[in-house]
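See structure below.
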Amino acid sequence: MGNLVWHEYARLVSITASVYAVWASFWGLFYRKFFWDFIGGVLRNPGGLQPPASASIFITLIVKAPVIQIFTFIVGMFMLMLEFPLKPLQGLGVQRSIPLRIVMLAFLSALAIIFYQGTNAAIWSLIAAGCYTRAHFRGEKMEEAKANRGKTGAA
């Protein structure tokens, strides 16, 4: 039996969560639903559940103009670019930074939990952020960071 390498496990969960967030934001553009509309809503017949007036900012940012879904798409794509590094990102400190990934996954989770299609992406993003946090506290380093130790970048 070996030891679990937390940042590798977190990377796989983060890829899954980011793909799910991109997919959910795509569907959220077409089927706009505010997830938390049931809190304080009024049930009408006919008409169904009507969200309260205090949720008007969320209705504006999710239903009328899909701002939250677009930001979720952008953050999800950025996370995918970090996890599957593009050529310009390879070897940079941004690509090797575990604390940056923790913050970005927490931000992705906060964005994705707001609209209906992104709830699973939010849960998996929190799990990935927790695994990256565990890796950070255990002192794990990314393999790319170990390979670049001592290099000045001038080649």
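A short reminder: the numbers here are calculations on the coordinates, not readings from a lab. Please read all numbers here as calculations on a predicted model, not as lab measurements. Please note: Cβ atoms are built from the backbone with ideal geometry, for glycine as well, and neighbour counts cover all protein chains shown.
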message: When the expected Rg is taken as 2.2 N^0.38 Å, what fraction or multiple of it is the alpha-carbon Rg of the chain?
response: 1.27
- request: Hand me the tally of lysine pairs in the chain: alpha carbons under 21 angstrom apart, and the pair either on different chains or 8 or more positions apart.
  value: 5
- prompt: Which one of Leu108, Leu82, Leu43 has the biggest mean-square fluctuation once the chain is modelled by GNM with Cα springs under 10 Å?
  reply: Leu43
- prompt: Using the reciprocal of the averaged 1/r over all distinct C-alpha pairs, how large is the Kirkwood radius of the range 1-68 in Å?
  reply: 14.7 Å
For the chain, with +1 on Lys and Arg beta carbons and -1 on Asp and Glu, the positive-most of Asn120, Val103, Tyr31 along the dipole: Val103
message: At 7 Å along Cα-to-Cβ for each site, give me the label-to-label distance between Val103 and Leu89 in nm.
response: 1.5 nm
query: How much length, in nm to one decimal, is gained on full extension between Ile59 and Ile123, taken as 0.36 nm per residue of separation minus their Cα-Cα distance?
result: 20.8 nm
query: Could you work out the helix-only [θ] at 222 nm for the chain, with each DSSP H run of four or more residues adding -39,500 (n - 2.57) and the total divided by the number of residues, to the nearest 500 deg cm²/dmol?
result: -17500 deg cm²/dmol
